[in-house]
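> Got a structure for you, written out below as structure tokens; questions coming shortly.
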Amino acid sequence: MENIINVKHPLLTNLVSKLRSIHTNSYDFRKYLSEVGRILLVEALKNEKMKEKELEIWIGKRSFPVLEEEKYVFIPILRAGLPMLDGVLEMIPLAKSGFLAIKRNEETLESVLYYDRVPPLKGKIAVILDPMVATGGSLDYAINVVKEKNPERIISLNVIGAPEGLKRISEKHPDVQVYIAQIDEKLNDKGYIIPGIGDAGDRAFNTG
Ligand code: PRP
Ligand code: URA
């Protein structure tokens, strides 16, 4: 699973442990998801190409490296991916955002797309945001939708994954770089990650 990058940092692990606690309220839950998103983005872009740009500074004009911020398109998968958007936009405020609403049927575990508001991606770097990769069905679906829009590159930022779902993504989409904070033990018979964080969408929006 070469394209699955398990990002290891005590600050990340600490945030994931806070997300796991059932005593974390939805306000803090969203805040921690946002912070995890920000840290994963830092890791994902650590070798990113930069462009020289002439800037006016206090001693005149000089060239300095800058990121092409408008080249990035953040794509949270609703609902649970939404809180991650705040964190990454703090880092790249001029990025664009697109939205995919994907809900898995809790009986069949099949993913259903309800809404696609992702802008054209030609020449762009698409960054998918979703805290959970359980069966991998939702991420697989999202990647397929994004691939149809022909981006230059696809990155996925995820908080917790099950080995089963990550294997599926790695096999079907070896060209997508997946940065994930934690790989947990397994799925239970209802397709929930064990130990996991429970239903991320419900916890983020207080509907459990
Ligand atoms: C959750 C989560 C992922 C998906 C993961 O969303 O945010 O999108 O489940 O499961 P999978 O890997 O088996 O597809 P959910 O469908 O519960 O929607 P929600 O965010 O609206 O709660
Ligand atoms: N969706 C979640 O929110 N949590 C899981 O553990 C699996 C799917």
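> Ordered by residue, what ³J(HN,Hα) values in Hz, to whole numbers, does the stretch 198-208 give under the Karplus form 6.51 cos²θ - 1.76 cosθ + 1.60, where θ = phi - 60° and Gly and Pro are x?
These are the phi-based 3J(HN,Hα) values: x, 7, 5, x, 4, 5, 5, 10, 6, 10, x Hz.
> Right, another one. Which helices, counted as full DSSP H runs in the chain, have an axial Cα extent of no less than 24 Å and a Kyte-Doolittle average of 0.0 or above?
Helices passing the filter in the chain: 26-44.
> Using a 1.4 Å probe on the protein chains only, how many percent of the accessible area of the chain belongs to carbon and sulfur?
Roughly 50 percent, rounded to a whole number.
> For Glu2 and Trp58 in one chain, what is 0.36 nm times their gap in residues minus the Cα-Cα distance, to one decimal in nm?
Taking 0.36 nm per residue and subtracting the Cα distance, the gain is 15.6 nm.
> Here is a follow-up. Can you tell which of Leu94, Ile75, Val178 lies farthest toward the positive end of the dipole of the stretch 41-200, using +1 and -1 charges on the Cβ of basic and acidic side chains (Lys, Arg; Asp, Glu)?
Leu94
> Okay, next question. Could you tell me the largest-minus-smallest coordinate of the C-alpha atoms of the stretch 71-207 on each of the three principal axes, in descending order and whole angstroms?
Ordered largest first, the stretch 71-207 gives principal extents of 41, 33, 27 Å.
> Consider just the alpha-carbon atoms of the stretch 49-122 and return their Rg together with their Dmax, both in angstrom.
Considering the stretch 49-122 through its Cα atoms, Rg and Dmax are 18.1, 65 Å.
> If I stretch the segment between Asn144 and Arg117 completely, what's the gain in nm (0.36 nm per residue apart, minus their alpha carbon distance), one decimal?
8.3 nm
> Can you pull the one-decimal nm distance between simple spin-label points at Ser17 and Phe205, each 7 Å off the Cα toward Cβ?
3.1 nm
> Which of the lysines could a cross-linker bridge to Lys103, judged by Cα under 23 Å and excluding same-chain residues fewer than eight apart?
Partners within reach: Lys31, Lys147, Lys149, Lys167, Lys172, Lys186, Lys190.
> I would also like to ask the following. Determine, from the Cβ-Cβ distance of Ile194 and Met50 and an R0 of 41 Å, the FRET efficiency 1/(1 + (r/R0)^6), rounded to the nearest 0.05.
Plugging the Cβ-Cβ distance into 1/(1 + (r/R0)^6) gives 0.50.
> Rounded to the nearest 500, what is the chain's calculated 222 nm mean residue ellipticity when only DSSP H runs of at least 4 contribute -39500 (n - 2.57) each, over all residues?
Rounded to the nearest 500, it is -10000 deg cm²/dmol.
> Okay, next question. Along the charge dipole of the chain, which of Leu121, Gly201, Thr24 sits closest to the positive end, that is, farthest toward it, with unit charges on the beta carbon of Lys, Arg, Asp and Glu (+1, +1, -1, -1)?
Leu121
> What value does the stretch 115-167 have for Rg/Rh, both radii from Cα atoms and Rh as Kirkwood defines it?
Radius of gyration over Kirkwood radius for the stretch 115-167 works out to 0.99.
> Straight-line reach from Lys61: which aspartates and glutamates have a Cα under 19 Å away, not including same-chain ones fewer than 8 places off?
Within the straight-line cut-off, Lys61 pairs with Glu52.
> So, one more: From the square roots a ≥ b ≥ c of the eigenvalues of the alpha-carbon gyration tensor of the stretch 11-156, which class results: rounded (a/c under 1.5), prolate (a/b over b/c), or oblate?
Cα axes put the stretch 11-156 in the oblate bin.
> Oh, and also: Would you grab the residues whose amide H sits under 5 Å from the one on Val112? Only those 5+ places off in sequence or on another chain, please, with H modelled 1.01 Å from N.
Lys103, Arg104, Asn105
> If you average 1/r over all unlike Cα pairs in the stretch 90-137 and invert the result, what Kirkwood radius do you get in angstrom?
12.9 Å
> Taking the Cα centre of the stretch 6-85 as origin, work out the dipole magnitude from +1 charges on Lys and Arg Cβ and -1 charges on Asp and Glu Cβ, in debye rounded to 20.
280 debye
> Amide H to amide H, which residues 5 or more places from Ser156 or on other chains are under 5 Å from it, using H placed in the peptide plane?
Long-range HN contacts for Ser156: Ile128, Gln177, Val178, Tyr179.
> Tell me, what is the per residue accessible area of the stretch 93-151 in Å², probe radius 1.4 Å?
So the stretch 93-151 comes to 48 Å² accessible per residue, rounded to a whole number.
The values are calculated or read from the model by the stated rules, or taken from the named source; none is laboratory data. The shown structure was predicted, so the numbers you read here are calculated from the model rather than taken from an experiment. All Cβ positions, glycine included, derive from the backbone under ideal geometry; neighbour counts span all protein chains shown. For accessibility, only protein heavy atoms count, side chains too; no ligands or nucleic acids. Shrake-Rupley method; radii C 1.70, N 1.55, O 1.52, S 1.80 Å.
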